[in-house]
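Asks: First the structure, then my questions, so here it is.
The values are calculated or read from the model by the stated rules, or taken from the named source; none is laboratory data. This one's a predicted model, so the numbers in the text were calculated from it and none came from an experiment. Ideal geometry is used to build each Cβ from the backbone, glycine not excepted, and the neighbour counts take in all protein chains shown. These area figures cover heavy atoms from the full protein model, side chains too; ligands, DNA and RNA do not enter into them. Shrake-Rupley method; radii C 1.70, N 1.55, O 1.52, S 1.80 Å.
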Amino acid sequence: APVSTKIAAVPHTTAVLANGSSTKQKTIEEMAGNWADFKFAPIRESQVSRAMTRRYFADLDKYAESDIVIVGAGSCGLSTAYCLAKARPDLKIAIIEASVSPGGGAWLGGQLFSAMVMRKPADAFLREIGVPYEDADDDFVVVKHAALFTSTILSKVIQFPNVKLFNATVVEDLITRADGKGGIRLAGVVTNWTLVSMHHDDQSCMDPNTINAPVVISTTGHDGPFGAFSAKRLVSMGGLPALGGMRGLDMNTAEDAIVKGTREVVPGLIIGGMELSEVDGANRMGPTFGAMVLSGVKAAEEALMIFEL
Ligand code: AHZ
């Protein structure tokens, strides 16, 4: 069959320019097949630099005092951010993700397979964010590709006006205050660019940055090169006596324990997702993601309760 080169028509829209004038925007269809006359709008290189840096530094300034910091943008952290940003558009939410690519372990279902399994009733979360799924069984649903879940939730979270994702940025330490009862409470996080933090051993003068926030939600995953960051740091600073240590795989036990256990572990620090398995000595669940999204729902609920006090 002949291959169609025609690009689907999208209706014209009108843009209001920075100078207040309005202009009819081109459609893709008008460009296609007309490349001889094609030309981009003009630019000076400094405009590109300023477009990026001005916004980044304005965001650093704005979010230096945040209401909530979420550490780790895996399936749990992103689900937490979605629920909080939707429920409280008045709260400033900073997400700090060590990797350049947010999403954590949720770009594939398990091993290197594409499909993502969620046990019921976590299918409610998929309906909430508009991810289609196959109702494969009475007890679980399947998303055709884990990347469909992750890209959808990511795009929704980033579009909330009260959320800023700082990726390629690592939480290197926690800001704490004495709680007046012999313990500590969280007061924010210490951050650095991840590539910088990887060179603390061979470079000097690479002091970090800070974000103050009354509530920190840590969802850094189970122990590993980066994982369980806040839980491990709590132990080393005496905020927790010891880690329970993640136990072996048991899907039935693990998923309920993580959702139900998601809570404020020390004042101002909520721990959710697989990081909690290291605190509580809970089992791992392996390649099934329902507990991660519902732990995100519970983490958001715990944070909202703090703000309502
Ligand atoms: O890069 C990490 C990942 O994207 C990020 N992260 C970790 N430490 C950080 C730090 N500062 C900033 N100090 C940090 N970011 O946290 C994210 C964690 O995502 P994840 O997908 O690993 O955790 P999750 O709890 O959302 O989901 C875990 C899903 C499961 S279950 C399981 C098993 O049972 O074996 N394995 C996985 C991956």
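Asks: Angle check, please: helix 75-87 long axis (alpha carbons) against the longest principal axis of the chain (alpha carbons), in degrees 0 to 90, nearest 10.
Replies: Compared with the principal axis, the helix lies near 70 degrees.
Asks: On C-alpha positions alone, give me the angle between the axis of helix 146-159 and the longest principal axis of the chain, in degrees, nearest 10.
Replies: With both axes taken from Cα atoms, the answer is about 80 degrees.
Asks: What trypsin sites (Lys or Arg not before Pro) in region 111-144 are in a loop by DSSP, with at most 15 other Cβ atoms within 10 Å of the Cβ? Mind dumping the intermediate values first?
Replies: On the way: sites: Arg119, Arg127, Lys144; in loops: Lys144.
Answer by residue number: Lys144.
Asks: Rounded, prolate or oblate: which fits region 163-207 when a ≥ b ≥ c are the square roots of the eigenvalues of the alpha-carbon gyration tensor, with rounded for a/c under 1.5 and prolate only if a/b beats b/c? Before the final figure, lay out each step's value.
Replies: Numbers: a/c = 4.29, a/b = 1.69, b/c = 2.54.
The shape class here is oblate.
Asks: Next up: Taking every pair of Cα atoms in region 177-279, average 1/r, invert it to obtain the Kirkwood radius, and report Rg/Rh to two decimals. It would help to have the intermediate numbers written out before the result.
Replies: Numbers: Rg = 15.2 Å, Rh = 15.0 Å.
For region 177-279, the value is 1.01.
Asks: Follow-up. Between the helical axis of 251-261 and the dominant principal axis of the chain, each derived from Cα atoms, what acute angle in degrees is found, rounded to the nearest 10?
Replies: Helix 251-261 sits at roughly 80 degrees to that axis.
Asks: Would you mind counting up the charge near Thr288? Only other residues with Cβ under 13 Å from its Cβ, with Lys and Arg at +1 and Asp and Glu at -1.
Replies: Working: positive: Arg119, Lys120, Arg284; negative: Asp123, Asp137, Asp139, Asp250, Glu255, Asp256.
So the surrounding residues net to -3.
Asks: Also, I was wondering about something else. Among the aspartates and glutamates, select those whose C-alpha is under 18 Å from the C-alpha of Lys144, and discard any that sit fewer than 8 residues away in the same chain.
Replies: Asp123, Glu128, Glu134, Asp135
Asks: For Gly74, which sequence-distant residues (separation of 5 or more, or a different chain) have an amide H within less than 5 Å of its own amide H, given hydrogens modelled in the peptide plane?
Replies: Gly103
Asks: Rounded if a/c is under 1.5, else prolate if a/b beats b/c, else oblate: with a ≥ b ≥ c from the C-alpha gyration tensor eigenvalues square-rooted, which is the chain? Walk me through the intermediate numbers first.
Replies: Values: a/c = 2.06, a/b = 1.36, b/c = 1.51.
Verdict is oblate for the chain.
Asks: Using the Cα gyration tensor of region 219-309, with a ≥ b ≥ c the square roots of its eigenvalues, what is the shape: rounded (a/c below 1.5), prolate (a/b larger than b/c) or oblate (neither)?
Replies: oblate
Asks: Moving on. HN-Hα J couplings of region 59-65 from phi, Karplus 6.51/-1.76/1.60, θ = phi - 60°, integer Hz, Gly and Pro as x?
Replies: Values, residue by residue: 5, 4, 5, 5, 8, 4, 10 Hz.
Asks: Scan the chain and report its longest stretch carrying no chymotrypsin sites (Phe, Trp or Tyr not before Pro) that are both in a DSSP loop and have at most 11 other Cβ atoms within 10 Å.
Replies: Working: sites that count: Phe38, Phe40.
Answer from the scan: 41-309.
Asks: Would you mind counting up the charge near Gly261? Only other residues with Cβ under 12 Å from its Cβ, with Lys and Arg at +1 and Asp and Glu at -1.
Replies: Working: positive: Lys260, Arg263, Lys298; negative: Glu255, Asp256, Glu264, Glu275, Glu278, Asp280, Glu302.
My count for the surroundings of Gly261 gives -4.
Asks: Amide H to amide H, which residues 5 or more places from Met237 or on other chains are under 5 Å from it, using H placed in the peptide plane?
Replies: HN-HN under 5 Å from Met237: empty list.
Asks: To continue, here is another question. Given the protein chains as shown and a 1.4 Å probe, how many square angstrom of Met246 are accessible, to the nearest 10?
Replies: 50 Å²
Asks: If you don't mind, there's one more thing I want to ask. Any of Lys92/Lys260; Lys26/Lys156; Lys24/Lys92; Lys92/Lys232 with alpha carbons more than 28 Å apart? Name them for me. Spell out each step's value before the answer.
Replies: Values: Lys92/Lys260 26 Å; Lys26/Lys156 26 Å; Lys24/Lys92 35 Å; Lys92/Lys232 26 Å.
Among Lys92/Lys260; Lys26/Lys156; Lys24/Lys92; Lys92/Lys232, the Cα-Cα distance tops 28 Å for Lys24/Lys92.
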